[in-house]
Amino acid sequence: MVALLALRIIKSSVNIVVSEREEWIENFTDKKKHSKWSWRFPPTELAKIYSEAKAVVAVSQGVAQGVSSVLNLDKNNIKTIYNPIVCSDLFQKAKIAVEHPWIKEKEFPIILGVGRLVYQKNFSALIKAFALVKKHKPSKLIILGDGKERNNLQQLVHDFNLSEDVDLPGFNDNPYAFMDKSDIFVLSSITEGLPNVLIEALACGCPVISTYCSEGPAEILEYGRYGPMVAVNDEKALAEGIIRVLDNPPNPDWLRKRGWDFSVDKAAEAYLHVAGL
């Protein structure tokens, strides 16, 4: 906003492209966030300020809809450009060998979760769903990550007698190698923005399933086209979806192609286009 106001004052010919990364409706209705100076401007005044921009870009269609609703702007004038996540480095790392015995020996399908071990990621629901999967299909669950929920999750694993089938090896700086060699990636979160791990799993050709925890995962998966979506905390539906994907996995190349929609090259090209370069 400061840059746009300065542009108005000095009457410069410099092109400014605004990139929006937050949920506008939530920010304008949440009293705690509304106390920040950046959300004190009336929408009518913000709309005038934003009219100085060469273009307004949102990182997801959900964010674009929020900006459009708050500022009463034509959504067709807001360009959606996804975050640049996928690059050649990811694929190089994906092909590195994994020393985990379950992956090296690969006796059973591998179900993978990746993220901080915190309440928001809801790995407890994944463990409960896995307990149901195990009743119908021998498999293993690996959850990469660390956090304050570790002890609770380990206790849950013990309570469900899954100690031989669930592993929480901690943080790993190359989750792509696990995604490349797993049979399904599961996003069990309660809330998400535009989760990088879901995109990265697709780019690795790993089948996925996600909770419908926000518009972000839904956009990534095109509302179920690239992987099933189930309600948050519905362990039974999550288990059924996992089994369904394991029994009928999609074509990995088809998933990788979707992952490339979030590539660095595509994002750069799109930004150059909206800037008129």
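Odds and ends about this structure:
- Looking only at residues in the range 48-68 that are of a type in the set (A, V, I, L, M, F, W, C) and in a helix (DSSP H, G or I), the one that is surrounded by the fewest Cβ atoms within 10 Å (Cβ to Cβ) is ILE49.
- GLU269 falls short of the stated requirement of being assigned to a helix (DSSP H, G or I) and more than 30 Å from SER13 (Cα to Cα).
- Filtered residues of the range 1-22 (kept if part of a helix (DSSP H, G or I) and in contact (Cβ under 8 Å) with a residue 12 or more places away in the chain): ALA3, LEU4, LEU5, LEU7, ARG8
- Some residue of the range 241-251 being surrounded by 20 or more Cβ atoms within 10 Å (Cβ to Cβ), closer than 19 Å to ALA58 by Cα and touching a residue at least 12 places away in the same chain (Cβ under 8 Å): no
- Strands (runs of 3 or more DSSP E) wholly inside the range 119-208 containing at least 1 residues that are crowded, with 23+ Cβ neighbours inside 10 Å, in contact with an Asp or Glu (Cβ under 7 Å, 6 or more places away or on another chain) and assigned by TED's automatic domain parsing to the domain that holds GLU107: 140-144
- Residue within the range 233-251 that is on the phi > 0 side of the Ramachandran plot and in a loop (DSSP other than H, G, I, E, B) present: yes
- Applying the condition of being small (Gly, Ala, Ser) and in a helix (DSSP H, G or I) to the range 209-230 and asking which residue is modelled with the lowest pLDDT yields GLY216.
- Residue match in the range 160-176 (condition: within 23 Å of ALA64 (Cβ to Cβ) and at pLDDT 95 or above): no
The values are calculated or read from the model by the stated rules, or taken from the named source; none is laboratory data. Because the structure is predicted, anything quoted here is derived from the model rather than measured. No Cβ is skipped: glycine too gets one built from the backbone with ideal geometry, and neighbour counts run over all protein chains shown.
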